[in-house]
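K.L.:
Right, I'll just put the structure down here and ask away after.
Coordinate-derived values only; no laboratory data. As the structure is a computational prediction, the values presented were derived from the model and not from experiment. Cβ: placed from backbone, ideal geometry, glycine included. Neighbour counts: every protein chain shown.
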Amino acid sequence: MLRAVTKCFLHPVAGRRMMSYSSLSGKVAIVTASTDGIGLAAAQALGRSGAHVVVSSRRQANVDKAVSQLRAENIQVTGTICNVGNKEDREKLINMTVEQCGGIDILVSNAAVNPFFGNILESTDAVWTKILDVNVKSSFLLTKLVVPHMEKRGGGSVVFVSSVAGYQPIPGLGPYSVSKTALLGLTRALAPELAQTNIRVNCVAPGVIKTRFSSALWQSEEVASEFLKMLSIKRLGKPEDIGGVIAFLCSDDASYITGETITVTGGINCRL
Ligand SMILES: NC(=O)c1ccc[n+]([C@@H]2O[C@H](COP(=O)([O-])OP(=O)(O)OC[C@H]3O[C@@H](n4cnc5c(N)ncnc54)[C@H](OP(=O)(O)O)[C@@H]3O)[C@@H](O)[C@H]2O)c1
């Protein structure tokens, strides 16, 4: 089905079959935590589909590097600092995007932190506050800020980044896993209300993707091989495995999908 509505062509140099989702030309896409890993791959995929992407993270040096990298790929990009846990930063991100890019069509809420590893009963009030503020509340509060701007454009698309841990808590990562389950609920809670103004809300739940954030899960061969046993596709994920799915969810090819979470795990069985 997907193949019928997308254009396939051969990459002239690599000779690889590539898929081009319907154009996002003229769209403005905010991707949070987008100077590395999955966020950067999402910005690349959206940018290659023609969107103007707004990248951000906590450190200016990381923002500058990501902007240069995307510009070198001929992607239209604007960069700014935004720690999503900070109200002022969230507001600045939205205001700057509207002023400099003329509106907002897409929000990919990708930022997450995990300041705790251990038995869940040893996690503190401060750990829960930090994890829920950054991983869950900021996703909701950013959505609340972008909705009026999407309404002005006649609709839009929001994508949250959850995790396989949202379906089956990873041992030692209890509070983080619970925050990722909350995003599955947030997706479903927002979708019916926002459908009335033509805004779709979806979510992706990556498996183990090789990034700095997940390095504790793959740096040791012993731990990585335990994860590989759970996979049908016997390799760890790459950020671009997720970026393309995010771009698809933001495209018109996904115009009848809302309130959905797509698991992108290499075949890990995911159920709540
Ligand atoms: N990697 C995996 O296996 C995996 C699996 C499932 C889900 N996920 C989810 O995927 C998302 C991205 O993770 P990743 O693996 O791609 O991480 P990553 O490669 O380590 O990149 C993290 C990015 O987030 C930025 N960042 C960190 N804290 C931030 C904050 N408070 N506000 C704004 N930006 C912030 C970092 O830049 P600065 O340091 O400059 O802020 C960096 O650009 C997260 O939601 C994570 O839970 C990852």
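K.L.:
Against the globular-protein guess of 2.2 N^0.38 Å, express the Cα radius of gyration of the range 134-272 as a ratio, rounded to two decimals.
P.N.:
For the range 134-272, the normalised Cα radius of gyration comes out at 1.10.
K.L.:
Please work out, to two decimal places, the log10 of the ratio I(q)/I(0) at q = 0.22, 0.30 Å⁻¹ from a Debye calculation in which every Cα of the range 129-189 carries one identical scatterer.
P.N.:
Results for the range 129-189 at q = 0.22, 0.30 Å⁻¹ read -0.85, -1.23.
K.L.:
Separate question: Any idea how far the Cα center of the range 205-272 sits from the one of the range 152-177, in Å?
P.N.:
Spelled out, the Cα-based centre of one part sits 12 Å from the other.
K.L.:
Can you tally the net charge around Arg71? Count Lys and Arg as +1, Asp and Glu as -1, for every other residue whose Cβ sits under 14 Å from the Cβ of Arg71.
P.N.:
Surrounding charge for Arg71 is 0.
K.L.:
Sticking with this structure for a sec: Could you identify which residue out of Ile38, Ile199, Ile30 has the top mean-square fluctuation in a GNM of the chain using Cα springs shorter than 10 Å?
P.N.:
Ile199
K.L.:
After finding the eigenvalues of the alpha carbon gyration tensor for the range 59-148, what semi-axes result from the square roots of 5 times each, listed largest first in whole Å?
P.N.:
29, 17, 10
K.L.:
Which far-off residues, 5 or more places away or on another chain, put their amide H under 5 Å from the one on Thr263, with H placed in the peptide plane?
P.N.:
Ala205
K.L.:
I've got another one for you. Please report Lys229, Lys152, Lys210 as a ranked list, fewest other C-beta atoms within 10 angstrom at the top and most at the bottom.
P.N.:
Lys229, Lys152, Lys210
K.L.:
Then there's this: If you average the sequence gap of Cα pairs under 8 Å that are 6 or more apart and divide by the length of the chain, what percent do you get for the contact order?
P.N.:
19
K.L.:
Taking only C-alpha pairs under 8 Å that are 6+ residues apart, what is the relative contact order of the range 200-272 in percent?
P.N.:
Dividing the mean separation by the residue count of the range 200-272 yields 53 percent.
K.L.:
Net charge near Ser139: determine it from the other residues with C-beta under 13 Å of the C-beta of Ser139, scoring Lys and Arg +1 and Asp and Glu -1.
P.N.:
Net charge in that neighbourhood comes out at +3.
K.L.:
Rg to Rh ratio, the range 24-264, alpha-carbon atoms and Kirkwood radius?
P.N.:
Rg/Rh for the range 24-264 comes to 0.95.
K.L.:
Please name which of Ile120, Gly155, Gln44 has its Cα lying farthest along the dipole of the chain towards the positive end, using unit charges on Cβ (Lys, Arg +1; Asp, Glu -1) and the Cα centre as origin.
P.N.:
Gln44
K.L.:
Please enumerate, by chain and number, the lysines with C-alpha under 26 Å from the C-alpha of Lys238, excluding those fewer than 8 residues away in the same chain.
P.N.:
Cα-Cα hits under 26 Å: Lys7, Lys27, Lys65, Lys180, Lys210, Lys229.
K.L.:
Within 14 Å, Cβ to Cβ, of Ser57, how many net charges do the neighbouring residues add up to if Lys/Arg are +1 and Asp/Glu are -1?
P.N.:
+3
K.L.:
Let me ask you something else. Order by neighbour count: Leu272, Leu145, fewest other Cβ atoms within 10 Å first, most last.
P.N.:
Leu272, Leu145
K.L.:
Select from Ser139, Ser220, Ser57 the residue whose mean-square fluctuation is largest in a Gaussian network model of the chain (Cα-Cα springs shorter than 10 Å).
P.N.:
Result: Ser220 has the largest fluctuation of those listed.
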